[in-house]
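Undergrad: Below are the C-alpha cells for one structure; questions will follow.
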Amino acid sequence: MKNKTLAAWLAFIGGPLGLHRFYLHGLGDLLGWLLPIPTALGLYGIQRVQQFGQDDHYSWMLIPLLGFTIAGCALRAILYGLMTPERWNSRFNPAAAQEAPAGQTRWLTIGAIVLSLLLGTTVLMASIAFSFQRYFEYQIEEARKISQ
C-alpha cells in the first residue's frame, strides 16, 4: 500500500530526483526519469557561476530550472498531503478500502505540507527574482554597449 505521508515527504525531499514518482508509479515512470534533468542543469548553472562569475549568461538561464523544479515538487507534496483519504486510496491503493490507514492525514503529513509551502514559496520567489534581475541587468548592459 502506498502511504500518503511517505509520498509527501519523498516529493518534498527527493522530488527533484523523482523519488516520489518512483515510489508511486514504479521505476518505469518516464516523468520520474525526466525530473533529474532540470535539477542537474540548475546545479550546472550554479557551478558555472562559481567558475565564471555572475556575468555568465548561461548560468542565469540554468539556475532557475533548479528552483522551479524544487518549487514544483513542493507543490506536488502539498497536493499529496491535502488529498482526501478516499481519493488517495482510490488512486494509489485501489484494492484497499476507501478509509484505509495509508491514505490518512497525520501530523507528519501536515509537517510535510507546511515545510513544502515554506520552502517551495521561498525557492519559487527567489528563482523569479533572480531571473528578472539578471535579465534586466543584461538589458542595461546591452543598451550601454549600443549607446557607446
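Undergrad: Can you say whether Glu86 is surrounded by 13 or more Cβ atoms within 10 Å (Cβ to Cβ) and of a type in the set (Asp, Glu), as far as the supplied structure shows? Full working, then the answer.
TA: Details: surrounded by 13 or more Cβ atoms within 10 Å (Cβ to Cβ): yes; of a type in the set (Asp, Glu): yes.
Yes.
Undergrad: Find the residue count for the stretch 63-75, including only residues that are closer than 19 Å to Phe132 by Cα and either open to solvent by 70 Å² or more (accessible area, probe 1.4 Å) or touching a strand residue (DSSP E or B) at 6+ places or on another chain (Cβ under 6 Å) (or both).
TA: Number of matching residues: 1.
Undergrad: If Trp60 satisfies all but one of (1) open to solvent by less than 70 Å² (accessible area, probe 1.4 Å); (2) closer than 30 Å to Asn3 by Cα; (3) of a type in the set (A, V, I, L, M, F, W, C), what's the number of the condition it fails?
TA: (2)
Undergrad: Next up: Which one is nearest to Ala71 (Cα to Cα), of the residues in the stretch 97-148 that are in contact with a Lys or Arg (Cβ under 9 Å, 6 or more places away or on another chain) and open to solvent by less than 70 Å² (accessible area, probe 1.4 Å)?
TA: Among them, the one singled out is Ser116.
Undergrad: With Ile140, Ile128 as the choices, which residue is within 21 Å of Ser59 (Cβ to Cβ) and either more than 27 Å from the chain's Cα centre (by Cα) or in a loop (DSSP other than H, G, I, E, B) (or both)?
TA: Details: Ile128 fails: either more than 27 Å from the chain's Cα centre (by Cα) or in a loop (DSSP other than H, G, I, E, B) (or both).
Residue meeting the stated conditions: Ile140.
The values are calculated or read from the model by the stated rules, or taken from the named source; none is laboratory data. All of these numbers come straight from a predicted model, not from anything done at the bench. Glycine gets a Cβ as well: all are built from the backbone with ideal geometry, and neighbour counts include every protein chain shown. In case anyone asks, the SASA skips ligands and DNA or RNA and just uses the protein heavy atoms, side chains included. Shrake-Rupley method; radii C 1.70, N 1.55, O 1.52, S 1.80 Å.
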